[in-house]
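Working notes for the structure below.
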Amino acid sequence: MSVEPEVPIVQVEEVRENPVLYKIISSDNHVFTISEHAVKLSKTLWDLITNLGLTAENALDNPIPVENVNGKNMETIVQFCERHKYDEEEPEYTNYIREFVLPEWDRQLLSIDNEELFQLILATNYLDIQKLMDYCCRVIGDMAKDKTPEELRIIYGIPTDAEDDALERSASDSPGPSG
Amino acid sequence: MPLLLSQFPLLIHIEIFKHLEFESIFMLSLCSENTKRLIQRIRLKAKKLRYTIDDDQISVLGGFTDDERDLESITTLKCVTSISRKKEISVKLGGEPIKCSFGRNSHTLKYLEPENEDALELLKNHIDSLFHSKPSIQLKLHSPDSLSSSDIFDDVTDTSFMFENLDASGIEEHLTNYPNHHSLEFFSDLTKRELKQHSQIWEIEGLALLGSYLTSSRAMKYFSGRCLILHNAEISYSPLIQMIRKWQKKDGLHNLHAVVIHTFASDDFVDALLDELNALDWDGIRRPKMFNYDPRIMNNSQCESDFSDAYDIQQEDGGKWGSILAAKDQIAFVVWD
């Protein structure tokens, strides 16, 4: 799989305005190119770039390995960061985060199965991309809207108290590593 | 395949819970004891909780801020006489198992009263356990029974009495039980209640009388708090003058923010009032144009009001400025900080 993300038009403008591009290698050895404005959305990556002293001259010759994120998630993350690299900061309003509506483009990007979403959230947390974290969490929050406890158990895989007790008992009954 | 919520690390749980509505958090807390413990680890901090208590229904709203507009529903419990066996489930509310059902697309938890007489207390205990902070408690009481059942709360800061047959002793007892009240709102006409000069209601910071009628004069005479709102007021000239004079001479009302009187006031009445008080036209300098109205009374939102057409008076000895804004259906007196 060659996971070179499609270069959106905004990235072409970015190249013209600001030619600094970075290379990132995912855990399964896929290589991604990301612009400076986009990579700044990830606190982890930007700290790494700063600490490594990467500059416009040497950035493309020094790909950054990210061992905790696979190519599939990295592709989504790069697309997201390129899309949102020029966004203004969100308002500092306590309830803003609960009231904002996920834009359609992002909803489509995050229309993935639950296992993928789970992994994407872990990757987002590792790369410290607050905006993507907010958007992923909004998807999770929307799943819970107007649901009863029974429905939530199914959506979030929540065992009943009886099932939790049974699991706990079987865990304590099972022999340890020494047999 | 489900999204395994419990398997995220705590920091991600915190992020997720920022995006969950109060209703969803409450529903999650009913899923299992483990999920409830997960919520407790998040250490949610609400600023206020509002319980609306009726004879057969309890609703709870919660807010992360003091702003009235930020309140959102947490849950509604409805007492019913029967529950379909097909829909019946058991959840733990306040540590006790109760049989209940949920309506389709509804967060209303329906429970059977004979088996759950202490539903309010169970709900209170359950909600208390979800929040790490100690939110201020507001009550909206719809019946005398709801008033008597409200004594389970540790502290109450605001109460709205939404029923007619309310006696003065009940109010005084409620205020004695909960001396830290910030605001009171009365739906009923208090004219025939024996509210004495030294009644605790006059000392409340925020007081709103929705049917103030003939009580208006006494309210203006005795009120010593911060914000007084009188709806359907039957206003007479002298109590209003005396109230403003008291503030002007610094004989009382030291903490006054606003008095808003919803009433019909004729032009003659307003002219006489302004003459008597020697009110001045606004000069555009001595105080701002916009007044930040912040009543801090349940059901009354804060807002910015244009006071460019208001008239000004000053306290004695170069004290604070106050402004009177008169319209056909409302007279407002506000104090500038």
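The values are calculated or read from the model by the stated rules, or taken from the named source; none is laboratory data. Quick caveat, the model's predicted, so the values are computed rather than measured. We place every Cβ from the backbone using ideal geometry, glycine too, and count neighbours over all the protein chains shown. Please note that ligands, DNA and RNA were not included when accessible areas were found on the heavy atoms of the full protein model with its side chains. Shrake-Rupley method; radii C 1.70, N 1.55, O 1.52, S 1.80 Å.
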Sorted by chain and then number, the residues having a modelled amide H within less than 5 Å of the amide H of residue B:57, at least 5 places away or on another chain, are B:79
Any GluC sites (Glu not before Pro) in the stretch B:186-276 that lie in a DSSP loop and have at most 11 other Cβ atoms within 10 Å would be B:194
In this structure, among B:48/B:87; B:45/B:110; A:85/A:147; B:87/B:124, pairs with alpha-carbon gaps over 30 Å are B:48/B:87; A:85/A:147
Under the rule rounded for a/c under 1.5, else prolate if a/b exceeds b/c, else oblate, using alpha carbon gyration tensor axes a ≥ b ≥ c, the stretch B:13-111 is classed as oblate
In whole µm²/s, the translational diffusion coefficient that Stokes-Einstein assigns to the protein assembly as shown, given a Kirkwood hydrodynamic radius over C-alpha pairs, 20 °C and 1.002 mPa s, equals 78 µm²/s
Simple spin-label estimate for residue B:292/residue B:234, 7 Å along Cα→Cβ, in nm, reads 3.9 nm
Once B:261, B:89 are ranked on solvent-accessible area with the largest value leading and a 1.4 Å probe, the list reads B:89, B:261
Expressed in nanometres to one decimal, the distance between label points 7 Å along Cα→Cβ at residue A:107 and residue A:60 is 3.9 nm
Calculated from DSSP helices alone, with each H run of at least 4 adding -39500 (n - 2.57) and the total divided by the residues of chain B, [θ]222 nm to the nearest 500 comes to -7500 deg cm²/dmol
Long-range amide H partners of residue B:140, meaning residues 5 or more apart or on another chain whose placed amide H is closer than 5 Å, are B:51, B:52, B:53, B:160
To the nearest 20 debye, the stretch B:11-54 has a Cα-centred charge dipole, built from +1 on Lys and Arg Cβ and -1 on Asp and Glu Cβ, of 320 debye
Along the stretch B:262-278, Karplus-curve 3J(HN,Hα) (6.51, -1.76, 1.60; θ = phi - 60°) to the nearest Hz, with x for Gly and Pro, reads 8, 7, 8, 10, 6, 4, 4, 4, 5, 4, 5, 4, 5, 5, 4, 8, 6
The answer for the stretch B:236-327, accessible area per residue at 1.4 Å probe in Å², is 51 Å²
Nearest-0.05 FRET efficiency for residue A:29 and residue B:132 at R0 = 30 Å, using Cβ-Cβ distance, is 0.10
Here FRET efficiency (C-beta to C-beta, residue A:46 to residue B:83, R₀ 41 Å, nearest 0.05) is 0.15
Taking a crude spin-label model, label points 7 Å out from Cα along the C-beta direction, the residue B:305 to residue B:164 distance in nm is 3.0 nm
Classified through the alpha carbon gyration tensor (a ≥ b ≥ c as square roots of its eigenvalues; rounded if a/c is under 1.5, else prolate when a/b is larger than b/c, else oblate), the stretch A:9-173 comes out prolate
For chain B, inverting the pair-averaged 1/r of distinct alpha-carbon atoms gives a Kirkwood value in Å of 22.4 Å
In a Gaussian network model of chain B with springs linking alpha carbons closer than 10 Å, the residue among B:208, B:219, B:265 that fluctuates most is B:265
The A/B contact buries a total accessible area, at probe radius 1.4 Å and rounded to the nearest 100 Å², of 3200 Å²
Listed residues B:78, B:320, B:140; largest mean-square fluctuation, Gaussian network over chain B with Cα springs below 10 Å, found at B:320
When every protein chain stays in place and a 1.4 Å probe is rolled, B:173, A:82, A:89, A:36 sorted by accessible area with the largest first are A:89, B:173, A:36, A:82
Diffing the stretch B:92-98: the Karplus 3J(HN,Hα) column from phi (6.51, -1.76, 1.60, θ = phi - 60°), in whole Hz with x for Gly and Pro, holds 9, 10, x, x, 10, x, 10
Cα extents of the stretch B:157-337 along the principal axes, largest first, in whole Å, come to 48, 31, 29
Heavy-atom accessible area with a 1.4 angstrom probe orders A:101, B:80, most exposed first, as A:101, B:80
Between residue A:169 and residue B:152, Cβ-based FRET efficiency (R0 30 Å, step 0.05) works out to 0.25
quick note, the protein assembly as shown, DSSP beta bridge pairs, % antiparallel (nearest 5) is 55 percent
With +1 at each Lys and Arg Cβ and -1 at each Asp and Glu Cβ, the charge dipole magnitude of the protein assembly as shown around its Cα centre, to the nearest 20 debye, comes out at 680 debye
Ignoring ligands and nucleic acids, residue B:37 exposes an accessible area, probe 1.4 Å, in Å² to the nearest 10, of 110 Å²
Under a 1.4 Å probe, counting only protein heavy atoms, residue B:131 has an accessible area in Å², nearest 10, of 20 Å²
Answer in debye to the nearest 20: the dipole magnitude of the stretch B:157-337 about its Cα centre, from +1 Lys/Arg and -1 Asp/Glu charges placed on Cβ, is 400 debye
Counting only protein heavy atoms and leaving out ligands, DNA and RNA, the solvent-accessible surface of residue B:69 at a 1.4 Å probe, in Å² to the nearest 10, equals 150 Å²
Sorted by chain and then number, the residues having a modelled amide H within less than 5 Å of the amide H of residue B:108, at least 5 places away or on another chain, are B:103
